[in-house]
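Notes to accompany the following structure.
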Amino acid sequence: MCGILGIIYYNKISKEDNERVVSMQEAIIHRGPDNQSVWNDNSVVYGHNRLSIIDLSTEANQPMLSVDKDVVICFNGEIYNYEEVKKELVTTQKFNTNHSDTEVLINAYREWGIEKTLTKLKGMFAFALYDKKKKVNFLVRDRMGKKPLFYTLINKKLFFASEIKALKLNKEIDKTINEEAIYHYLSFLTVNAPNTFYKHIKKLEAGTYIEFSLNGIKKKRYWDISKAINTKCNDSYEKAVSIIKEKLILSMKYRNVSDVPISIALSGGLDSSLNLKYSIESSENISAINLEYEIPNAFNESKIASKYAKELGVNYIQLRINQKKFETELLGLCNILTDMPFGDPNSVLLYYIAKEARGIGSKILLVGEGGDELGGYPVYTKMLKEYNIIKKLPSFIKSILKYIPLAKRFDFFYNGEVVSRRQVHGFTEYRKNKFWKGKKYNSYKILNDFMEEIEGDDDEAFLKKILNIEYKLRLPDLILPRVDYPTMAASIEARSPFMDYELIEYCASLPYSKKMKNGAKSMLKDVAKNVLPNYIVYGKKIGFGELLTPFLTKSLPEIYKKEIIEKENAPIKKYVKKTYLKKLVKKKVTSKVGYRLWIFYSLNKWLLNNLVN
């Protein structure tokens with residue numbers, strides 16, 4: 001796990017370009033504090049910040065060259081199955097390192113080229129690879145989008161980096177804020193790739209690579225989850241549970257491949273408990289970390305986490321957070337990460353956990369993200385019932401729903417078609433139209449476009465359309481950045497065993513009539529029932545973010561008034577009407593209202609940082 005960056009200019013790299021890459025490295029030093037190196041020739045300058053995880057020797061430092069010096073790579077991530085891939089290469093390729101997965105990647109490219117190499121890899125990655133003989137550079141992002149990669153092309157010069165923060169140091173790059181991204185953020189808490197919060201900087205989409213040569217730039221998607229979702233698997237329920245268990249165990253084994261200590265973010269729920277159970281079978285000296293809010297509340301799972309950790313005999317660490325600590329961590333995180341607003345306050349909680357993991361000597365943190373998407377969320381059942389009602393309504397009734405107080409929640413249409421409300425964590429189109437001051441856009445078009453990639457129009461198809469949005473928008477652009485950014489800010493590598501692409505492909509092909517046979521995550525619960533205690537398997541699901549309910553309802557409203565309402569020049573007022581900002585805080589602050597306050601507060605904080613910088 002590392003930070004990568006560089007400049008590619010076939011007309012000739014200048015001395016200034018080389019100096020700028022060094023400055024860019026400093027901007028994201030948190031992503032790789034163990035080693036910083038630069039490699040360059042007349043066309044390319046690559047910079048690499050290393051967080052040493054596999055093969056800790058200096059020979060595994062990057063940028064790394066092939067034995068014949070013809071291929072150069074700048075790699076961020078892990079190839080979990082590197083040992084299997086290496087076995088296919090040892091008779092035809094030479095290796096300088098002991099067991100570097102980076103060198104395996106170089107030699108895989110030399111043996112098979114970029115397309116076939118990508119089919120061989122199991123892991124998370126974003127990398128730049130330079131083939132000196134062919135005069136071509138590749139920028140590549142993993143299938144699910146776990147590792148970020150941003151780029152911009154200006155006058156035939158390609159800039160790239162793991163964080164926009166590094167790119168912004170280049171004077172040639174236009175840093176104009178993307179108003180449309182802010183509009184979509186207000187609904188999704190993020191913006192969909194390739195868009196970013198800057199007009200002229202792009203995010204490479206998950207499962208995609210760029211080929212940049214003297215002939216120009218080409219982009220190609222090499223993996224697409226919608227293909228698996230459109231596949232129909234007819235395996236029996238029992239067979240499916242068996243296959244899921246097999247793939248999950250293998251995924252857990254891969255995510256424990258490491259030369260450094262590992263910690264588990266243990267919430268007390270099903271997914272994180274499975275992480276812990278299977279990890280102690282593959283690794284030694286595992287630590288489990290749980291976080292609770294200082295004010296007692298109904299969402300505290302620390303007793304469950306503590307009980308289970310003690311039953312397994314692992315080192316258990318109990319963290320507590322209060323308003324003051326939360327604000328301190330928030331300020332620290334905002335100073336490090338400036339690419340986007342933190343629409344999800346869980347980012348701050350993960351940063352706190354990651355810092356503790358780093359403090360006890362770990363460099364890896366296993367998290368439970370991706371588990372719910374495998375087996376379905378409880379809300380899917382409710383959404384399906386709503387869908388079956390509103391899809392039958394006449395067009396004129398659909399058009400007036402947003403004006404009927406009790407029916408506003410059902411106003412999720414684009415061109416007369418029902419779109420998923422599941423991913424609208426913020427404000428609906430109807431509500432945004434009340435306060436938005438900028439140009440008119442429509443966030444529901446994004447949802448509709450993803451839904452149209454999935455075939456059919458029956459109940460099963462509707463749920464699979466929602467799943468496509470989960471994997472194309474919510475996970476790569478909201479949930480995974482929520483994991484990657486705060487953990488890397490603490491120089492910690494986060495791994496998500498439930499995000500194994502083969503496990504995802506298989507589960508995506510299964511019908512929901514089987515996946516949710518006995519409710520949400522039926523199959524995962526059947527996998528877990530023989531390895532986890534009943535109080536975890538059948539316990540009530542509590543979202544990680546619920547931990548912050550006391551902060552959102554009691555502390556945040558006062559901060560919001562001070563930093564937004566009482567400041568006439570608060571930058572958010574350029575986009576959101578003052579009357580609406582005031583109206584929101586006058587209401588009784590429930591957790592739902594508190595979350596809306598957070599969406600505005602986080603955006604305002606990010607805008608302030610951009611004004612200062």
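Here are some notes:
- Condition broken by residue 594, with the remaining ones in (1) of a type in the set (Gly, Ala, Ser); (2) crowded, with 20+ Cβ neighbours inside 10 Å; (3) outside any helix (DSSP H, G or I) satisfied: (3)
- Taking the criterion of being aromatic (Phe, Trp, Tyr) and assigned to a loop (DSSP other than H, G, I, E, B), the only residue of segment 347-401 that qualifies is 377.
- Of all residues in segment 554-569, those that are over 16 Å from residue 602 (Cβ atoms) have Cβ atoms under 9 Å from Cβ atoms of residues that are of a type outside the set (Val, Ile, Thr), 6 or more apart or on another chain, in 554/323; 554/594; 568/578.
- Residue within segment 317-324 that is assigned to a helix (DSSP H, G or I), at pLDDT below 95 and either of a type outside the set (Ser, Thr, Tyr) or touching a Cys at 6+ places or on another chain (Cβ under 8 Å) (or both) present: yes
- Residue within segment 183-195 that is out of contact with any helix residue (DSSP H, G or I) (no Cβ under 6 Å at 6 or more places or on another chain), touching a residue at least 60 places away in the same chain (Cβ under 8 Å) and within 21 Å of residue 7 (Cα to Cα) present: no
- The one condition in (1) under 22 Å from residue 206 (Cβ atoms); (2) out of contact with any strand residue (DSSP E or B) (no Cβ under 8 Å at 6 or more places or on another chain); (3) of a type in the set (A, V, I, L, M) that residue 154 fails to fulfil: (1)
- Only residues that are in contact (Cβ under 8 Å) with a residue 40 or more places away in the chain and either more than 19 Å from residue 490 (Cβ to Cβ) or not assigned by TED's automatic domain parsing to the domain that holds residue 346 (or both) were counted across segment 317-331, and they come to 1.
- Selected residue [assigned to a loop (DSSP other than H, G, I, E, B) and either surrounded by fewer than 22 Cβ atoms within 10 Å (Cβ to Cβ) or outside the structural domain of residue 102 (by TED's automatic domain parsing) (or both)] from 227, 175, 147, 219: 175
- Segment 7-33, subset surrounded by fewer than 21 Cβ atoms within 10 Å (Cβ to Cβ) and within 24 Å of the chain's Cα centre (by Cα), residue nearest to residue 94 (Cα to Cα): 33
- Each residue in segment 291-347 was checked for being crowded, with 22+ Cβ neighbours inside 10 Å, of a type outside the set (A, V, I, L, M) and under 13 Å from residue 268 (Cα atoms), and 2 pass.
- Filtered by the rule that a residue be under 25 Å from the mean Cα position of the chain (by Cα) and either modelled with pLDDT under 90 or not in a loop (DSSP other than H, G, I, E, B) (or both), segment 433-447 gives 444, 445, 446, 447.
- Here residue 53 meets each of (1) buried (at least 19 other Cβ atoms within 10 Å of the Cβ); (2) part of a loop (DSSP other than H, G, I, E, B); (3) free of Cβ contacts under 8 Å to residues at least 60 places away in the same chain with one exception, condition (3).
The values are calculated or read from the model by the stated rules, or taken from the named source; none is laboratory data. On a predicted model such as this, the values are computed, not experimentally measured, just so you know. A quick note on method: Cβ atoms are made from the backbone with ideal geometry, for glycine too, and the neighbour counts reach across all protein chains shown.
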